[in-house]
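Below is one structure, written out as structure tokens; comments come after it.
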Amino acid sequence: MTYLIIKLLHIFSVLIYGGFLFTDNLILMRMQKTLSKEKYAEVRAYFKDFTRVLVPKALVVAVVSGLFLFHNSFGIVGENGFSNFQILLSIKAVLGIWLGLRGILQVFFGIQPLVFKSHRLPFLLVVCIVFLSQAMYHF
């Protein structure tokens, strides 16, 4: 039962974080082309104020719950080395930890690790993680 609850927390927190990146990259950036600079700045400021409360906490929950799920799902390394599942899960974990570490350092400590001006790379990494999540059960 604990595993199920943590998995659900993980899914919901990833939906919040991924939804933020989706909105930022695919909706707000498109709005910039159609709104005036003043109106876009107003919309962006409202979005920023709202997401600063929720998204960093969701990211922390996603990373911590992801580490728990990784620990419980990885399994034993066989005689032939890592299975395809374990390799894909490890790649997914490294990407998730990097995203989490980058986000936590940036939001909570004001440290700008590997300076990025947008959320495009994190968005692409989240998309890769989603594909890896599906692929690891089919190979």
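The values are calculated or read from the model by the stated rules, or taken from the named source; none is laboratory data. From a predicted model like this one, the values you see are computed outputs, not experimental measurements. Ideal geometry is used to build each Cβ from the backbone, glycine not excepted, and the neighbour counts take in all protein chains shown. Quick note on the areas: whole protein, heavy atoms, side chains included, nothing else; ligands and nucleic acids left out. Shrake-Rupley method; radii C 1.70, N 1.55, O 1.52, S 1.80 Å.
Descriptive notes on the structure:
- Top positive-direction residue, dipole computed over the range 1-100 with Cβ charges, set 94, 75, 58: 58
- Under the shape rule built on the C-alpha gyration tensor, where the axes satisfy a ≥ b ≥ c, the range 26-83 is oblate, since a/c reaches at least 1.5 while a/b does not exceed b/c.
- Total charge dipole magnitude, the range 32-86, about the Cα centre, Cβ charges on Lys, Arg, Asp, Glu only, Debye to nearest 20: 440
- Extreme residue, positive dipole direction of the range 14-139, given options 136, 15, 25 (C-beta unit charges): 25
- Per residue value of the accessible surface for the range 56-102 (all protein chains in place, 1.4 Å probe), Å²: 58
- Rounded Å value of the spacing that divides the Cα centres of the range 34-79 and the range 1-31: 6
- Put a plus charge on the Cβ of each Lys and Arg, a minus charge on the Cβ of each Asp and Glu, and nothing anywhere else: the dipole of the chain about its Cα centre is then about 500 debye.
- Carbon + sulfur, % of accessible area of the chain - ligands and nucleic acids excluded, 1.4 Å: 71
- Legend: helices of the chain (whole DSSP H runs) are marked when their alpha-carbon atoms reach 24 angstrom or more along the helix axis and their mean Kyte-Doolittle hydropathy is at least 1.6; marked are 2-22.
- Matching label, percent of Cα pairs over 19 Å apart computed from the structure shown, candidates [x] 45; [y] 56; [z] 60: [y]
- Only lysine pairs 8 or more places apart or on separate chains count here, and in the chain those with Cα atoms under 27 Å apart total 13.
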